[in-house]
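Undergrad: Provided herewith is a single structure, encoded as structure tokens, for subsequent inquiry.
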Amino acid sequence: MLPKDIMAAHQEKKTSEERKRKSTQNDTRTSQVQWGRAWEVDWFSLANIIFLLMFAPLIVYYFIMSCDQYQCSLIDPLIDLFTGNKHLSDIWNKTPTLTYRAAGIYTLWVAFQVFLYLFIPDFCHKFLPGYVGGVQEGAVTPAGVVNKYEINGLQAWIITHVLWFANAYYFHWFSPTIIFDNWIPLLWCANVLGYAVSTFAMIKSYFFPTNAKDCKFTGNFFYDYMMGIEFNPRIGKWFDFKLFFNGRPGIVAWTLINLSYAAKQQELYGQVTNSMILVNVLQGIYVLDFFWNEAWYLKTIDICHDHFGWYLGWGDCVWLPYLYTLQGLYLVYHPVQLGTANAIGILMLGLISYYIFRMTNHQKDLFRRTNGNCKIWGKKPEYIECSYMSVDGTKYYSKLMTSGFWGWARHFNYTGDLMGSLAYCLTCGFEHILPYFYIVYMTILLTHRCIRDEHRCFSKYGKDWKRYTAAVPYRLIPGIF
Ligand code: NDP
């Protein structure tokens, strides 16, 4: 059975509200509560941010160009440049430019996803047992706001994919290789949207924020642009930037991109390799899991802690669809056919990782949803009681579980995610390093996320967080880290 976040949200809110301490409220109303994103920027964070703003778009370009011009070799372009065999301008001049066709495809794609998001209320929850969709509540923001969301991502994913297969096997409006065939022109379109939405979000936060109390201005332009100012920017009542850009168009596209790669293999070699099937299946499970649990994602860091800036806006439009799909792209250029034992080994690794990832997340969700009144591995969960305050001085209570996978390490869900990422990379064999970028990136992302989250939790829960880290001393790998 999967999470029922609507109950979770109601229960959490009810419990918290019952426990509000009115006396504390007046005393602390005027003091600014510090949990949530930073108010001040240290030099190290600023340096990282400027580095990412400058180099992340180049990294994406370099990877995609390497496949297009150098058969996915990351080294050969450098050798060509250093030996003077080629100049930067040669590489740039060979790069496909923005085309009207790509602009048309991309505009249609995003418009279609906006349409599915805004105008088709969820019907999946009416007939899929265990699925939580429709109107759901998010977590309490630092300003004490509880936002409502229309959860209809699974439906958008299903409709999009039904249309994709209907086209591929019946209507033939366009070739299923369309994404691969326009991959670099589409990159320029994705960048235009990524920068436009991040810039718009920044301007909006100054002139017409959705909730002024949940805005955070550090005064540093680069930090604010990258990490965002507004917490939950919206247009109208329902168009939530974070929910839309986090899931669609990037994650709906993820599986379509992989399908397009598989179609390209079929076109080029007359067959689809088992490695390509594995990538499609394992990443397909991950994507489907994301949409099945979209309501649960309202409680994850991206939605309930991060502000909306370039990091999310550009990241969701460009970084995610281009770099999370590198294995499939690589396999178009290098069609690896794995031996049966290797294929089964990778499949098992992928499935076990998925089990760890899902069960760890499920255990926390169940625990929070039932306020600890549940069984984890057949026993009542153990936990640490903790408290925190919202910006209006209201005191809330919460619990940090120390049982199940959460007793093994403080982020065992990340460990499962990392093992799964490794499985995707292994499908590509060991000839090139490009497909392994994903596991390197995920390791950096999730380790950084551990540190970021723990910093936030410490400022939120204070000494209670210290008690928790003493009870569960490891972050990712029990006994090691
Ligand atoms: P978590 O789901 O681990 O959420 C962290 C939050 O959970 C904390 O801030 C805290 O929030 C609460 N929490 C922490 N410890 C406990 C505990 N012991 N008991 C109860 N609650 C606890 O992190 P994310 O939101 O980052 O990740 C969600 C999933 O998404 C993960 O599985 C991750 O691997 C995946 N992910 C994937 C990415 C990708 O690019 N593929 C990117 C990011 C995430 P509170 O303030 O409520 O106490």
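The values are calculated or read from the model by the stated rules, or taken from the named source; none is laboratory data. No experiment lies behind these values; they were computed from the predicted model shown. Cβ coordinates were reconstructed from backbone atoms using ideal geometry, including for glycine residues, and neighbour counts include every protein chain displayed. Heads up: the accessible areas ignore ligands, DNA and RNA and are worked out on the full protein's heavy atoms, side chains in. Shrake-Rupley method; radii C 1.70, N 1.55, O 1.52, S 1.80 Å.
Undergrad: Go through the range 104-114 and give me each residue that's under 17 Å from ILE178 (Cα atoms) and surrounded by 14 or more Cβ atoms within 10 Å (Cβ to Cβ).
TA: Matches in the range 104-114: ILE105, TYR106, TRP109, VAL110, PHE112.
Undergrad: In addition: Sort out for me the helices (runs of 4 or more DSSP H) sitting completely within the range 180-290 that have 1 or more residues that are of a type outside the set (Gly, Ala, Ser), without any contact (Cβ under 8 Å) to a residue 12 or more places away in the chain and surrounded by fewer than 22 Cβ atoms within 10 Å (Cβ to Cβ).
TA: Ranges flagged: 183-207, 221-227, 250-269.
Undergrad: Quickly run through the range 291-301 and pick out the residues that are in contact with a helix residue (DSSP H, G or I) (Cβ under 7 Å, 6 or more places away or on another chain) and open to solvent by less than 20 Å² (accessible area, probe 1.4 Å).
TA: Result: PHE291, GLU294, ALA295, TRP296, LEU298.
Undergrad: Tell me, please, whether a residue that is assigned to a helix (DSSP H, G or I) and of a type in the set (Asp, Glu) can be found in the range 141-160.
TA: no
Undergrad: What are the pairs with Cβ atoms under 6 angstrom where one residue, in the range 439-452, is modelled with pLDDT of 95 or more and the other, located anywhere, is more than 11 Å from the ligand (Cβ to nearest atom) and open to solvent by 30 Å² or more (accessible area, probe 1.4 Å)? Sequence gap at least six, or different chains.
TA: Between residues of the range 439-452 that are modelled with pLDDT of 95 or more and residues that are more than 11 Å from the ligand (Cβ to nearest atom) and open to solvent by 30 Å² or more (accessible area, probe 1.4 Å), the close pairs are ILE439/LEU422.
Undergrad: Would you check if there is a residue in the range 385-393 being surrounded by 20 or more Cβ atoms within 10 Å (Cβ to Cβ), within 11 Å of the ligand (Cβ to nearest atom) and not in a loop (DSSP other than H, G, I, E, B)?
TA: Yes, that holds for at least one residue.
Undergrad: Right, next: Scan the range 44-103 for residues that are hydrophobic (A, V, I, L, M, F, W, C), open to solvent by 80 Å² or more (accessible area, probe 1.4 Å) and over 26 Å from TYR436 (Cα atoms) and jot them down.
TA: The answer is PHE44, LEU98.
Undergrad: Can you pull out every residue in the range 423-439 that is within 13 Å of the ligand (Cβ to nearest atom) and either open to solvent by 40 Å² or more (accessible area, probe 1.4 Å) or of a type in the set (Ser, Thr, Tyr) (or both)?
TA: Listed by number, the residues that qualify are TYR424, TYR438.
Undergrad: Is there a residue in the range 335-355 that is near the ligand (Cβ under 9 Å from one of its atoms), assigned to a helix (DSSP H, G or I) and of a type outside the set (A, V, I, L, M, F, W, C)? Show your work before the answer.
TA: We begin by selecting, within the range 335-355, every residue near the ligand (Cβ under 9 Å from one of its atoms); these are none.
Among the residues of the range 335-355, not one is near the ligand (Cβ under 9 Å from one of its atoms), assigned to a helix (DSSP H, G or I) and of a type outside the set (A, V, I, L, M, F, W, C), which makes the answer no.
Undergrad: Restricting to the range 300-334, give me the number of residues that are under 19 Å from ALA253 (Cβ atoms), away from the ligand (no atom under 16 Å from the Cβ) and not aliphatic (A, V, I, L, M).
TA: The qualifying residues number 1.
Undergrad: Moving to a separate point now. In the range 445-469, which residue that is within 11 Å of the ligand (Cβ to nearest atom) and open to solvent by 50 Å² or more (accessible area, probe 1.4 Å) is nearest to MET401 (Cα to Cα)?
TA: Among residues in the range 445-469 that are within 11 Å of the ligand (Cβ to nearest atom) and open to solvent by 50 Å² or more (accessible area, probe 1.4 Å), the one nearest to MET401 (Cα to Cα) is PHE458.
Undergrad: Further question: Which residue is nearest to ASN280 (Cα to Cα), if the candidates are limited to the range 398-415 and must be under 22 Å from the mean Cα position of the chain (by Cα), more than 7 Å from the ligand (Cβ to nearest atom) and not aromatic (Phe, Trp, Tyr)?
TA: Quick first cut of the range 398-415, residues under 22 Å from the mean Cα position of the chain (by Cα) only: 405-406, 409-415.
With more than 7 Å from the ligand (Cβ to nearest atom) added as a condition, the list becomes 405, 409, 412, 415.
Next, only the ones that are not aromatic (Phe, Trp, Tyr) stay: 409, 415.
Numbers: ALA409: 30, THR415: 21 Å.
The qualifying residue nearest to ASN280 (Cα to Cα) is THR415.
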